[in-house]
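First the structure, in the form of structure tokens, and then the observations on it.
The values are calculated or read from the model by the stated rules, or taken from the named source; none is laboratory data. Only a predicted model underlies this, so the values are computations on that prediction, with no experimental measurement involved. Here Cβ is always computed from backbone atoms with ideal geometry, including for glycine, and neighbour counts include all displayed protein chains. The protein model used for the area step is the full one, side chains on, heavy atoms only, and it has no ligands, DNA or RNA in it. Shrake-Rupley method; radii C 1.70, N 1.55, O 1.52, S 1.80 Å.
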Amino acid sequence: MNNAPAVYVPTPPEGNGLTLPMLLSLLAHGIVLGLLIYTYQPPELETVGNIETTMITPGELAEMQGQILANRAAAQAASRAGSA
């Protein structure tokens with residue numbers, strides 16, 4: 001048996017050691033991004049028609065609010081009568 005101590009003799013790497021890993025990384029990332037771009041499908045959105053606005057007077061607004069409150073009260077009374 002050989003009882004001599006193991007001696008590490010460093011050897012310089014061939015090239016800088018970054019070329020192949022960098023090329024493989026760029027290839028892998030390029031494939032992933034290419035697949036994402038190729039399979040991307042933008043959502044189909046419905047176009048909304050024009051929005052119409054109308055100016056109303058404070059009196060008309062008060063009348064509309066009164067009708068809304070009356071409708072709410074009628075709906076609540078109907079739901080109470082239906083559940084009783």
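Okay, here's what the table says:
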read-out	value
The chain - mean residue ellipticity at 222 nm from DSSP helices (-39,500 (n - 2.57) per run, n ≥ 4, rounded to 500)	-19500 deg cm²/dmol
Within the range 34-84, GluC sites (Glu not before Pro) in DSSP loop having at most 10 other beta-carbon neighbours inside 10 Å	GLU44, GLU46, GLU52
Accessible surface of the chain [probe 1.4 Å, protein heavy atoms]: carbon and sulfur percent	65 percent
Per residue accessible area in Å² of the range 8-84, where ligands, DNA and RNA are left out and the probe is 1.4 Å	102 Å²
